[in-house]
Structures are given as structure tokens and as C-alpha cells.
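Peer 1: Dropping the structure in here first, questions after.
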Amino acid sequence: MGVGVRALALLATLMLGGLSLAQEPKTIRVGLQAGGTFSWVIYAIERFGIDKQLGIQVKEATYPTKAATQLALRAGEVQVTVDDFIEAVRIQQQGIPARAVYPYSLVTGGVVVRADSPIKSVADLKGKTIAAQSLGDKSLLILRALAVYKYGFDPQKDSKVVAVAPPLMAELLRKGEIDAGLPFWHFVARQVASGEARELISAVDMLKELGAPPDLPLLLIIARNDADAETIGRLLKAVQLANQRMKESDAFWQEILDKNLYALPDRSLMPAVRKRWESGLPKRWDAGVVVGLTNLVQRMVQVAGAEVVGVSRFDARAYSTQFRPLGD
């Protein structure tokens with residue numbers, strides 16, 4: 001789409017949304033987790049002037065951990081965060097007045113093994129040492145659900161699962177001290193692109209084997225219930241437009257390195273990270289997606305138990321499809 005056509009399309013969006021450019025911008029407070037990719041999107045919103053075009057002012061605050069970000073959401077310090085599909089349910093059960101209002105990404109990670117590993121399928125992981133970020137890691141829970149459902153074993157019980165941070169995970173895999181790892185998606189992209197690892201199965205492919213829709217968003221935009229609906233609509237449109245501009249701009253991906261929004265040991269790995277990010281862009285948010293997420297949560301509770309998953313049952317209030325990007 002040419003610049004002129006894009007500008008006309010955006011103007012039409014603004015008119016449909018009833019937005020006057022002369023109005024004061026709507027303010028939204030966003031909580032970012034340190035090292036998270038939501039900071040890339042917020043930077044893109046500002047970098048490409050999308051905030052000014054949509055009449056929205058994004059005030060971001062960065063927190064060191066997921067727990068700190070959730071505390072800020074509970075206290076009302078921030079109105080919007082990004083979290084995973086199980087945390088959306090847990091937030092409801094903890095009494096935090098917030099819910100998932102829109103998909104953020106399909107991507108959470110996958111299982112990697114050494115490039116020369118004899119491991120060829122999930123079945124081969126039985127009895128092996130598997131590293132995950134925690135016992136409650138969502139990729140691990142999906143792997144456990146799949147292994148129990150299709151391969152007749154539970155990695156938590158029939159293999160050795162150890163908790164390891166992603167950078168150390170890569171080192172242990174190189175040394176052969178673990179047989180497989182479940183790192184963040186961008187570490188998967190980096191390790192595979194460098195030739196040191198092979199992706200055994202992605203989280204998306206695990207969902208397919210479980211019979212779940214492959215386009216389930218595993219990361220979601222969470223908003224407080226008392227946030228202004230129109231402002232949320234503008235933010236969702238801003239995220240949508242930012243994703244499109246990020247897809248189109250080569251310079252953007254170098255800028256996030258220059259601005260220390262992301263770090264790589266070798267800049268030549270960035271195309272792999274970018275491709276993986278793009279593959280995770282969500283396509284839909286409707287009742288069918290909510291049903292798929294509901295079934296996935298329930299299956300995980302059945303396999304891993306409420307204590308490990310962190311929720312005892314699905315809460316229908318966790319996900320809302322009533323919000324739409326401005327003009328959609």
C-alpha cells in the first residue's frame with residue numbers, strides 16, 4: 001500500500017471512529033515487563049507517529065517481573081499489560097479487575113534439541129533431561145498435555161525436568177548437559193538460525209497435535225475493567241497499525257537493537273527473530289478462539305493439576321471479545 005493510500009485509509013478510520021484531531025489525546029497507562037516484546041510495539045507506535053494519528057497518548061512504565069507488572073495492574077498504576085492465556089484466568093481468580101481484550105501473539109516458544117541430537121519426536125523425550133523456564137512454563141504445560149494425550153507419558157514424571165533461564169539453557173544444550181530445552185520464542189529463532197539447535201516441535205504444532213486450533217493466541221492484551229472503552233479501541237488500533245509498520249520496516253529492527261530494546265550476540269540473527277515474530281501475529285479474535293482457549297486451559301488442569309497450572313477451573317470472565325480496534 002502506497003503512502004498516500006495508507007494516509008487516506010487512516011483518515012477514513014479516524015472519521016469512522018468519530019475522532020477529531022483537534023481533541024485532546026486519550027491517555028492510556030501501559031505496563032511493560034522488562035525484556036518483553038510489548039516494548040517493541042509501544043516504541044513502534046511512537047516511532048511511526050501512530051499515537052498522534054489516533055489521538056492517543058501512551059504512558060509506559062517498565063517492571064522487572066511479571067509479578068510486579070500484575071501488582072501494578074491490580075493497583076491501577078497501569079491499565080493495560082500483555083500476559084499469557086492462563087494468567088488471564090488467574091488474574092480473574094485473584095480478584096484483579098481486568099480481562100483479556102485482544103490477542104497479542106501466537107508465539108510462546110517450542111522444544112529445541114542440539115542440531116546433531118538423535119531425538120526425532122516428542123516420543124523420544126521420555127527419560128531425557130528437559131530444561132524449562134519453570135515448572136509452570138506454558139510451553140512445558142502444552143508439551144505435557146501433548147505427551148500424555150498422544151505419546152503415553154508425562155515428561156514431568158517420566159523424564160527429568162529442570163528449571164533453567166534461557167541464556168543458560170542454550171549453553172547447557174551446547175554442552176550436552178540437557179537433552180532438550182523450552183526457551184522463549186526469540187531464543188528458539190536465534191539458536192536455530194545459528195545452527196546450534198534444531199526445533200523439535202513448536203508450540204503451535206503442539207496445539208495442532210492436541211486437536212486445538214493452530215491460531216490460538218497464547219499471549220493476550222489484558223486491560224482493566226475500568227479502562228475507557230474508546231481509549232482501549234484506539235490502543236488496539238495502534239497495536240494493529242504498529243504491527244503492520246514493523247512488518248514493512250527494515251530500519252525498525254536495527255533501531256530496537258540500537259536503543260537497547262533487544263540484544264543479540266550477532267546482529268545477523270535478527271532476520272530470524274523478525275521472521276519468527278511475524279509468524280506469531282494473530283489473525284482473529286472471536287468466540288471460536290475463546291472456546292479453543294477454554295478447552296486448552298481445562299486440558300492443562302486435567303494433565304498437570306491445578307497447583308502447577310495455577311488455576312483450578314476456567315473462568316468465562318477471563319476473555320472478552322467485545323473490544324475492537326477503532327474503525328474495525
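Just so you know, all these numbers are worked out from the coordinates, no wet-lab data involved. In this text, all values refer to a predicted model and were calculated from it rather than measured experimentally. Counting neighbours? That spans all protein chains shown, and the Cβs are built from the backbone with ideal geometry, glycine included.
Peer 1: Report, for the chain, the % of DSSP beta bridges that are antiparallel, rounded to 5.
Peer 2: Working: 17 of 34 bridges.
Here the share of antiparallel DSSP bridges comes out near 50 percent.
Peer 1: Separate question: For the range 110-209, what is the percent of antiparallel DSSP beta bridges, rounded to the nearest 5?
Peer 2: DSSP beta bridges in the range 110-209 are roughly 45 percent antiparallel.
Peer 1: Then there's this: Report, in deg cm²/dmol and to the nearest 500, the calculated mean residue ellipticity at 222 nm for the chain, where each DSSP H run with n ≥ 4 adds -39500 (n - 2.57) and the sum is divided by the residue count. Write out the running numbers ahead of the final one.
Peer 2: Values: 15 runs with 149 residues, N = 328.
The helix-only estimate for the chain comes to -13500 deg cm²/dmol at 222 nm.
Peer 1: Something else now. Among 117-124, 138-145, how do they line up by average Cβ neighbours within 10 Å per residue, starting with the highest? Walk me through the numbers before you get to the answer.
Peer 2: Working: 117-124: 13.6, 138-145: 25.2.
Ranking the peptides 117-124, 138-145 by packing returns 138-145, 117-124.
Peer 1: Return the distance in nm (one decimal) between the two label points of a simple spin-label model at LYS275 and LYS120, each offset 7 Å from Cα along Cα→Cβ.
Peer 2: 2.5 nm
Peer 1: Below 14 angstrom from the Cβ of ASP286, what's the summed charge of the other residues (Lys, Arg +1; Asp, Glu -1)?
Peer 2: So the surrounding residues net to +1.
Peer 1: Let me ask something else about it. Would you give the gap between the C-alpha center of the range 123-153 and the C-alpha center of the range 157-226, rounded to a whole Å?
Peer 2: Between the Cα centres of the range 123-153 and the range 157-226 lies a distance of 11 Å.
Peer 1: Sticking with this structure for a sec: Here are several values of Cα extents along the principal axes in Å: [x] 103, 79, 32; [y] 64, 44, 32; [z] 93, 39, 35. Which one was derived from the coordinates shown?
Peer 2: [y]
Peer 1: Follow-up. Can you list the DSSP H helices in the chain whose Cα atoms extend at least 15 Å along the helix axis and whose mean Kyte-Doolittle hydropathy is -1.0 or higher?
Peer 2: Numbers: long enough: 3-16 (20 Å, 2.08); 229-248 (29 Å, -0.40); 287-304 (25 Å, 1.21).
Span-like helices in the chain: 3-16, 229-248, 287-304.
Peer 1: By average Cβ neighbour count within 10 Å, what is the ranking of 276-282, 62-68 from highest down?
Peer 2: Numbers: 276-282: 17.9, 62-68: 14.0.
My ranking of the peptides, most packed first, is 276-282, 62-68.
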